[in-house]
Structure formats: structure tokens, C-alpha cells
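> Handing you this structure, nothing more for now.
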Protein chains: 2
Amino acid sequence: MARTESEHPTELELELLKVLWDESPLPVREVRARLEADANRPLAHSSVITMLNIMHRKGFLRRRKEGKSFLFSPKVKKESVTGGMMGDLLSRVFDGSPSAMMLNLLETTDIGADELAELRKLITQKAKERKQ
Amino acid sequence: MARTESEHPTELELELLKVLWDESPLPVREVRARLEADANRPLAHSSVITMLNIMHRKGFLRRRKEGKSFLFSPKVKKESVTGGMMGDLLSRVFDGSPSAMMLNLLETTDIGADELAELRKLITQKAKERKQ
DNA sequence: AATAATCATCTAAATAATTAAAAGATGCTT
DNA sequence: AAGCATCTTTTAATTATTTAGATGATTATT
């Protein structure tokens, strides 16, 4: 037997989604150009088409014929993908404990003072909401 | 051309690491048993050996001969792997903004009131540390 | 000593992911 | 109409990941 297709976008798929979340619909040629410019990933035209078609098959993208070429757009929302990937890591790495995940983030990254203040405000807000 | 080996453990590799982080060193047979019990993943003995050897080659594990069988232990710390995977998601999904990542976590998961209070305390603590 | 039990290594397979050339189709230009 | 430009489809090659059988080695048992 072998592995199963991931429900989340892979490395390259995410880069392509980022391009299209930023602006869409776009033709292949444009996606290719932005992938090189934004993600420093210069792929051949045919490689980009292959990936976009795979992503279409997987249900990540929408495809529409415009004249002789296809235009691609995201079918999945950024928030949904992001949330899914976070949830995946949350369950696989932190056994489903959001606070453990947060703690890790606090300890391993460098967050600015102003952002810390902002976060504290958000947490206070969240705590209030829970009370109702 | 093709893809490159990930610097982070894969799905299955992480499950194996979890077993060994929990207790080590362990012989293959024991790893196999716990993988089935803890992760509900019943693999053939030879499959487990194959994976453990691959992980040894990748530098995730240490291997020591004890009598006729091998004992495996983690070579990488849990904190290091966790931090690496978090950092990966942080840069790939949230463009390196920890506060954006935190915000997502706050909004998409359900954190208990007591944990929220704990987190607020930690953030306050962190803010103080930054002042020095 | 012969046999069984237990391990490891070798080999192999199937699917996923990534990259791209070659071939085919279609429309544009001169 | 011929040729060029531009797209898509088809085909293929390579590495990674996951799973496991077959084979061989070593130790324990009868």
C-alpha cells in the first residue's frame, strides 16, 4: 500500500494559492510570472499548468475558459485553508491543545511589544465573550 | 527534476517520534505495539523497521545494538521539532507574523477561560521581559 | 544437531509530489 | 494559405513516502 493524498495544500500548491488569493482570476502565464517574482520559484510554463490542473482536480481551484486560454481562481478561502493547516498541526503536534500551541509560539518567536499589547487586548475580549 | 526531502518529520515519522519521546530507548517490536495502541496505526513489523531506519538515516533517531536487536531513541528534542514545524507554518502561511498566527488560533479554536487567563499572564510576563 | 523463534536486510510495490519536454490544437499575421 | 505564436494535453522522469513480503542471520529450544 502507499500514502494518501493530503487534504491540505502542499508546499508548492500553497504558493500557487497565495498568488491567486492575491489576485484572480489569472491565466497560466501570469501565475507563472508571479510565482517567479513573489516566491522566487521559476517553473516552466508546462509545470505550472500541470500543477494548476492537479489543484483543479483536487478541488482547490476553479477553472474557466476565456477565449483560448483558461483562467484560474481559488475555490477555497484563505481562511479555510489556513485554519485547516493550523488545525492539522494543532492535533498532530500539540494533541489538540491551543494553549500549548500558543505557549510555544510565545516562547520561540519574537513578538513586538505593541503586538503583545494587542494580543492581550484580544484575549481579554475573548474571555469576556466566553462569559455569556 | 523532483522534490526534496523535508527537513521536518512527515506524518508517520512524527507518530514514531511521539512514541519514542514518550519512552525510550525501545526495540522495534515495542515501537510497533505502541504505534498501534497510541496512534491506531497497525503496521507490519518490517514496515516499522524500514521507517525507523529511514529516520535514523535522516538523523531523527539514534540506534544502539542491545543483544541481538536494536534499540531506538530520539536524536532530536521534541521542542526542537515542534519549534521547527511551527516556524515552517509561520513563514509559509502567515508570512512570518506570530501575532497573525496567534490571532488565527484565538479565532478558530476554543480555549478555556482558565487557559485564557493563563495566557494573558504569560503575555504580560513576556512584555515585561522585552522592556529590559 | 536440528528446528523453531526472532531480528535485520534486501527488495519491491504503489501512490504522491514536482518538474518539464513533446505533441497537438487553435487562432493570428503576413 | 503558410507560418508563427500561444495554449493545452499527453507523456515521462525523478524523488519522497508508506507499506510489506522474502530472505538471511542469529539465538534459543528440544
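The values are calculated or read from the model by the stated rules, or taken from the named source; none is laboratory data. Everything numeric here is computed off the predicted structure, so don't read it as measured data. Glycine gets a Cβ as well: all are built from the backbone with ideal geometry, and neighbour counts include every protein chain shown. Side chains included, ligands, DNA and RNA excluded: accessible areas come from the protein's heavy atoms. Shrake-Rupley method; radii C 1.70, N 1.55, O 1.52, S 1.80 Å.
> Could you work out what % of the accessible surface of chain B is carbon and sulfur, using a 1.4 angstrom probe and leaving DNA, RNA and ligands out of the count?
For chain B, the apolar C and S fraction of the accessible surface comes to 49 percent.
> Tell me, which residues of the range A:37-85 get at least 50 Å² less accessible area when the other protein chains come in, versus the chain alone (1.4 Å probe)?
Relative to the lone chain, where solvent access is computed with a 1.4 Å probe, the range A:37-85 loses at least 50 Å² at A:THR82, A:MET85.
> Which of A:ASP88, A:ASP38, A:ASP114 ends up with the largest GNM mean-square fluctuation for chain A, with Cα atoms connected below 10 Å?
Taking springs between Cα atoms under 10 Å, the residue moving most is A:ASP114.
> Would you mind computing Rg(Cα) / (2.2 N^0.38 Å) for the protein assembly as shown, counting N as its residues?
It is 1.19.
> Sticking with this structure for a sec: For helix A:98-108, what angle does its Cα long axis make with the longest principal axis of chain A, in degrees from 0 to 90 and rounded to 10?
The two axes meet at around 90 degrees.
> Follow-up question, since we're still on this one. For the range B:52-95 and the range A:26-104, what is the separation of their Cα centres, given in Å?
When both Cα centres are located, 27 Å separates them.
> For chain A, modelled as a GNM with alpha-carbon contacts under 10 angstrom, which of A:GLY96, A:GLY83, A:GLY67 fluctuates the most?
A:GLY67
> Specify the longest stretch of chain A that does not include any exposed loop site, a site being one of the trypsin sites (Lys or Arg not before Pro) with a non-H, G, I, E, B DSSP assignment and at most 13 other Cβ atoms within 10 Å.
Counting at most 13 other Cβ atoms within 10 Å as exposed, the longest clean stretch of chain A is A:4-67.
> Under a plain spin-label model, where a point goes 7 Å from the Cα along Cα-to-Cβ, how far apart in nm are B:LYS68 and B:THR124?
Between B:LYS68 and B:THR124, the label points sit 6.2 nm apart.
> Can you check what the Kirkwood hydrodynamic radius comes to for the range B:29-87, Cα pairs only, in Å to one decimal?
Averaging 1/r across every pair of different Cα atoms and inverting gives 12.6 Å.
> State, in square angstrom and to the nearest 100, the accessible area buried between chains A and B, both chains counted, probe radius 1.4 Å.
By this definition, chains A and B bury close to 4100 Å².
> Okay, helix-only estimate at 222 nm for the protein assembly as shown: each DSSP H run of n ≥ 4 adds -39500 (n - 2.57), divide by all residues, round to 500 deg cm²/dmol; what do you get?
Per the formula, -21000 deg cm²/dmol.
> Something else about it: Could you give, in nm with one decimal, how far B:ILE54 is from each other copy of that position, shortest first, with labels 7 Å out from Cα toward Cβ?
1.7
> Angle between the Cα long axis of helix A:11-22 and the longest principal axis of chain A, 0 to 90 degrees, nearest 10?
Compared with the principal axis, the helix lies near 90 degrees.
> Hey, what did chain A get for relative contact order, percent, Cα under 8 Å, at least 6 apart?
After rounding, I find 19 percent.
> Given label points at 7 Å from Cα along Cα→Cβ, what nm distances, shortest first, separate A:SER73 from the same residue in every other copy?
Relative to the other copies, A:SER73 has label-point distances of 5.7 nm.
> Can you give the percent of C-alpha pairs in the range A:78-131 whose distance is more than 18 Å?
Summing the P(r) of the range A:78-131 above 18 Å gives 50 percent of all pairs.
> Write down the accessible area per residue of the range A:11-74 in Å², having rolled a 1.4 Å probe over the full set of protein chains.
55 Å²
> To the nearest 10 degrees, how steep is helix A:28-39 against the longest Cα principal axis of chain A, on a 0 to 90 scale?
With both axes taken from Cα atoms, the answer is about 40 degrees.
> Which three lengths, in whole Å and largest first, does the range A:1-106 cover when its Cα atoms are put on their principal axes?
Computed over the range A:1-106, the largest-to-smallest principal extents equal 51, 36, 22 Å.
> Between the label point of B:SER97 and that of the same position in each other copy, find the distances and list them shortest first in nm, with every label point placed 7 Å from Cα along the Cα-to-C-beta direction.
Values, ascending and in nm: 2.9.
> Suppose R0 equals 35 Å; then what is the FRET efficiency for B:LEU103 and B:GLU5 from their Cβ-Cβ distance, rounded to the nearest 0.05?
After rounding, the FRET efficiency stands at 0.60.
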